[in-house]
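Notes follow once the structure below has been shown.
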């Protein structure tokens with residue numbers, strides 16, 4: 001039986017995405033055969049971190065314990081826009097989360113809006 005989620009997924013498939021998936025699949029087997037890594041195609045899923053800060057101090061995350069040794073701020077919107085523009089034709093999903101609390105970014109709704117304008121991939125956000 002076909003589920004509603006399957007129908008939504010199939011509606012977002014394009015020839016470009018399927019061809020990209022075939023290139024990734026063939027690339028995997030070629031890399032095994034020649035024992036050298038090659039990159040064909042684009043990723044089908046990416047994770048973009050809207051912010052690397054968190055206000056909860058959870059012990060299981062580096063941002064919560066204060067041990068995060070990299071930049072602790074918000075993503076630059078022009079950089080985010082460039083990432084989405086480059087990868088959107090190939091993406092099946094976009095994850096807007098990593099170490100920080102996404103809603104601490106003051107531009108989070110602008111980030112959602114820009115991604116949703118592309119209308120061809122699933123947007124996932126976790127808190």
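Laboratory data are not the source of any read-out in this text; all were calculated from the coordinates shown. The model shown is predicted, which means the values in this text are computed figures rather than measured ones.
Observations
- Rounded to the nearest 10 degrees, the inclination of helix 77-87 to the longest alpha-carbon principal axis of the chain is 20 degrees.
- 0 to 90° range, to nearest 10: angle between helix 15-34 axis and the chain longest Cα axis: 80 degrees
- For the stretch 1-41, convex hull volume per residue from C-alpha positions, Å³: 80 Å³
- Dividing the summed -39500 (n - 2.57) terms of all DSSP H runs of n ≥ 4 by the residue count of the chain sets its mean residue ellipticity at 222 nm at -13000 deg cm²/dmol.
- Between residue 85 and residue 35, the contour length at 0.36 nm per residue exceeds the alpha carbon distance by 14.8 nm.
- Choice from 95, 32, 75 with maximal GNM fluctuation in the chain (Cα, 10 Å cutoff): 32
- For the chain, averaging the sequence separation of C-alpha pairs within contact (under 8 Å, six or more residues apart) and dividing by the residue count gives a relative contact order of 28 percent.
- Going through [x] 27; [y] 14; [z] 35, the figure that equals percent of Cα pairs over 27 Å apart as computed for the structure here is [z].
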